[in-house]
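See below for the structure under consideration.
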2 protein chains.
Amino acid sequence: MAAAPYRLSLRIYLPNGLRLGPGKIALLQAVATQGSISAAARAQRISYKRAWDLLEEMNRLLEAPVIETMQGGKTGGGARLTATGEKLLAHYRAVLDAAEETAGGALRAIAALGQIPEDTPEH
Amino acid sequence: MAAAPYRLSLRIYLPNGLRLGPGKIALLQAVATQGSISAAARAQRISYKRAWDLLEEMNRLLEAPVIETMQGGKTGGGARLTATGEKLLAHYRAVLDAAEETAGGALRAIAALGQIPEDTPEH
């Protein structure tokens with residue numbers, strides 16, 4: 001099957017002011033993959049401070065922290081997702097998958113409204 | 001039924017570079033409701049130039065313009081959605097509705113991870 005002719009991103013706003021969008025989610029995924037906040041920040045091309053602020057915001061506004069740091073702690077030790085962090089990632093992916101699955105027709109209809117690229121021979 | 005404990009927004013990226021998110025969609029809805037670009041811009045609390053730039057970008061990157069202006073044209077006459085503009089709005093709403101319908105469980109699970117507000121008596 002060809003790649004979808006669009007990319008979908010979603011942002012969830014909670015009543016306590018927390019916004020969960022592609023940036024925070026990608027950062028959590030990067031922490032899970034990289035095993036440290038500094039490596040995750042580099043992988044996401046954001047500053048360590050920015051990564052820390054985003055993670056701290058989630059830690060503060062969710063029922064429990066999304067990551068836990070080990071040894072060196074904030075200044076460079078390892079970090080990994082907590083159960084809450086894992087749940088958040090899994091639920092977010094479920095929402096995205098459900099949207100793409102159920103709304104595939106409407107998404108393709110929107111994509112079809114997009115101008116045909118100039119390098120398509122028949123146009 | 002109680003209001004959902006979250007708000008969802010989505011952004012669709014097309015290969016030609018067009019991003020369709022809540023801002024452009026709300027602007028289109030405002031043009032449909034208000035009947036002019038200047039009134040739509042005021043309703044959206046954006047400048048006329050910003051509204052015009054967003055609409056022009058959609059006009060340029062979709063198969064056909066999303067709005068058509070009447071009489072005074074760009075400088076203040078009426079404006080309304082074209083068939084392409086109406087289709088875009090309808091498809092976008094369909095994607096949002098489908099996401100909320102299919103992914104309601106996962107969305108509520110994410111919302112449940114949000115901290116309980118301080119003014120909730122039982123906490």
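Sorted from closest to farthest, the other copies place their B:Glu63 label points 4.6 nm away, with each point set 7 Å from Cα along Cα→Cβ. For the range B:1-64, applying the loop criterion from DSSP together with a ceiling of 15 other beta carbons within 10 Å to the chymotrypsin sites (Phe, Trp or Tyr not before Pro) yields no site.
Calculated on the Cα set of the range B:12-113, radius of gyration then Dmax: 15.4, 53 Å. Pairs from the table (A:Lys24/A:Lys87; A:Lys49/B:Lys24; A:Lys24/A:Lys49) lying more than 20 angstrom apart at Cα are A:Lys49/B:Lys24.
Shown in residue order for the range A:11-25 are the 3J(HN,Hα) couplings computed by the Karplus curve 6.51 cos²θ - 1.76 cosθ + 1.60 at θ = phi - 60°: 9, 10, 9, 9, x, 7, x, 6, 10, 10, x, x, x, 5, 5 Hz (x for Gly and Pro). Comment: the Cα-to-Cβ extended label point of A:Ala90, at 7 Å, lies 4.0 nm from its counterparts in the other copies, nearest first. Both chains summed, the buried accessible area for A and B stands near 3100 Å², from protein heavy atoms and a 1.4 Å probe. Each other copy places its own label point for B:Thr33 at 4.0 nm from this one, sorted shortest first, where the point lies 7 Å along the Cα-to-beta carbon line.
The values are calculated or read from the model by the stated rules, or taken from the named source; none is laboratory data. For clarity, every value in this text was computed on a predicted model and none was experimentally measured. We place every Cβ from the backbone using ideal geometry, glycine too, and count neighbours over all the protein chains shown. These accessible areas exclude ligands, DNA and RNA; they are computed on the full protein's heavy atoms, side chains included. Shrake-Rupley method; radii C 1.70, N 1.55, O 1.52, S 1.80 Å.
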